[in-house]
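Read through the structure below, which is laid out as structure tokens, and then see the notes.
The values are calculated or read from the model by the stated rules, or taken from the named source; none is laboratory data. For clarity, every value in this text was computed on a predicted model and none was experimentally measured. Virtual Cβ from ideal backbone geometry, glycine too; neighbours counted across all protein chains shown.
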């Protein structure tokens with residue numbers, strides 16, 4: 001059973017990873033367009049800062065985690081329906097649909113109230129948070145913030161609908177949501193850029209949230225989910241949901257807070273610092289989206305099912321295999337960014353008004369951020385595993401403690417600029433991942449020896465790839481070829497040659513040491529490479 005689920009998780013992870021990759025490509029196009037048209041300036045810092053208050057409201061309402069908060073309960077109800085032991089329909093709704101309607105009605109009302117309050121109090125809140133901005137920057141930040149704020153209504157509504165879809169192992173809407181959202185931002189940005197108005201990106205974000213955040217899951221749920229407004233805030237089902245979601249609402253995690261802290265402390269640094277840090281984060285988040293988040297979404301769904309069925313042994317096995325694969329591949333991916341930060345940032349962003357100085361600044365933050373990719377991916381998967389079992393209190397309490405302890409570290413790190421902020425993020429996320437790992441061993445029975453064995457194999461591949469890429473890159477830069485004097489040509493040469501060496505090491509050495517996460521189709525190749533017994 002565990003092997004069958006592992007194969008299904010891999011297939012779904014691949015689907016979500018492809019979606020994440022396409023979303024990152026669109027996200028890159030969005031950021032490329034912003035940097036090309038406006039560069040890394042105070043104006044782009046303001047645009048990035050304008051998402052802070054909407055993100056805070058989304059986090060306060062657990063908007064990004066509402067699906068995992070409701071998922072365990074709906075999974076149990078659907079399992080009871082499949083087994084024929086569910087409650088009879090009442091008021092024309094199944095038990096699952098009735099629970100959804102109660103939670104949806106109450107949370108939508110709360111979200112509407114928060115958005116209205118945010119619109120009214122945007123200026124004093126943003127002025128207190130971004131104490132490094134002048135009056136003109138605060139005014140523009142408030143203007144852009146008020147455009148984006150209503151998007152949280154769409155994300156919250158869609159997040160709850162996603163819970164019903166995920167409980168049925170339906171992932172189509174989840175794959176479409178980020179694509180439509182980023183497409184909306186790009187479309188709005190293209191329109192706004194023609195008039196030199198950066199607010200076009202904000203309007204595009206609002207439309208993208210409507211299309212991807214709400215309409216895509218609502219369309220996928222048609223015929224599967226019934227809803228009607230039921231105002232019962234004291235209903236036992238609502239209280240049970242709040243008990244699960246409350247830690248996600250009142251607790252804090254560096255997964256989200258790190259970006260807020262980067263904007264806050266970056267506002268007091270050199271103009272453009274927030275934009276440089278954002279560019280570095282976007283590069284760093286690509287492998288995290290491909291591995292940690294995609295695997296976490298896929299694994300969490302099946303862990304919720306196994307937990308509802310009481311299959312604890314299979315749960316621990318599935319979690320151990322998935323975590324070993326995510327951490328191993330994350331380590332190997334991170335070394336590529338650590339060795340070649342400047343050419344990678346240069347290829348991605350050095351166009352238009354985003355110049356060489358901006359590339360060097362963003363690369364200085366990318367190196368410390370990339371070191372923590374495995375920690376980011378691992379904690380994402382572990383957090384999803386806990387949420388899938390209905391345990392949100394322990395991981396969120398642990399994450400909150402780590403975040404609070406890291407606040408003075410972030411503040412002190414500004415003396416080293418955005419590189420210091422990047423290092424703070426990696427240090428804090430590593431601590432958060434370690435705490436969740438210990439909790440997973442105690443609460444979910446995680447097989448640590450198997451995990452360490454997989455990490456040891458991945459470290460062999462990581463070190464080999466890092467040394468190989470660094471040596472080849474040094475030899476390439478020492479070559480007396482005239483075209484390497486051109487920055488763009490040099491960046492492409494370093495990335496392509498280094499990437500080829502990195503990929504070869506990953507496939508060959510990774511297959512030889514049987515690194516977790518690599519496709520099983522490599523096994524016949526390994527059999528030919530390994531010496532046979534008796535020779």
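Annotations for the structure displayed:
- Any hit, the stretch 272-292, residues being touching a helix residue (DSSP H, G or I) at 6+ places or on another chain (Cβ under 7 Å), surrounded by fewer than 24 Cβ atoms within 10 Å (Cβ to Cβ), outside any helix (DSSP H, G or I) and modelled with pLDDT of 80 or more: yes
- Residue match in the stretch 101-113 (condition: at pLDDT 75 or above, under 30 Å from residue 267 (Cα atoms) and in contact with a helix residue (DSSP H, G or I) (Cβ under 7 Å, 6 or more places away or on another chain)): yes
- Some residue of the stretch 360-372 being touching a helix residue (DSSP H, G or I) at 6+ places or on another chain (Cβ under 6 Å) and either more than 21 Å from residue 345 (Cα to Cα) or not in a helix (DSSP H, G or I) (or both): yes
- For the stretch 380-403, the set of residues classified as assigned to a helix (DSSP H, G or I) and farther than 12 Å from residue 303 by Cβ consists of 380, 393, 394, 395, 396, 397, 398, 399, 400, 401, 402, 403, listed by residue number.
- Inclusion of residue 222 among residues that are on the phi < 0 side of the Ramachandran plot, out of contact with any helix residue (DSSP H, G or I) (no Cβ under 9 Å at 6 or more places or on another chain) and in a helix (DSSP H, G or I) is not warranted.
- Tabulated pairs, the stretch 252-277, first on the phi > 0 side of the Ramachandran plot, second part of a loop (DSSP other than H, G, I, E, B) and buried (at least 19 other Cβ atoms within 10 Å of the Cβ), C-beta under 7 angstrom, 6+ apart or interchain: 272/40
- Checklist (1) more than 18 Å from residue 413 (Cα to Cα); (2) touching a helix residue (DSSP H, G or I) at 6+ places or on another chain (Cβ under 9 Å) applied to residue 258, failing item: (1)
- Highlighted here are the helices (runs of 4 or more DSSP H) found entirely within the stretch 25-89 that include at least 2 residues which are at pLDDT below 80: 52-60, 66-83.
- In the stretch 163-192, residue nearest to residue 27 (Cα to Cα) [restricted to those that are surrounded by fewer than 18 Cβ atoms within 10 Å (Cβ to Cβ) and modelled with pLDDT under 80]: 172
- Only one of 357, 394, 384, 441 that is over 27 Å from residue 318 (Cα atoms) and either in contact (Cβ under 8 Å) with a residue 24 or more places away in the chain or surrounded by fewer than 23 Cβ atoms within 10 Å (Cβ to Cβ) (or both): 357
- Looking only at residues in the stretch 251-271 that are outside any helix (DSSP H, G or I) and more than 15 Å from the chain's Cα centre (by Cα), the one that is surrounded by the most Cβ atoms within 10 Å (Cβ to Cβ) is 267.
- For residue 322, the criteria (1) modelled with pLDDT of 85 or more; (2) under 14 Å from residue 378 (Cα atoms) hold in every case but one, which is (1).
- For the stretch 105-124, a residue qualifies if it is buried (at least 17 other Cβ atoms within 10 Å of the Cβ) and over 25 Å from the mean Cα position of the chain (by Cα), and the qualifying residues are 105, 106, 122.
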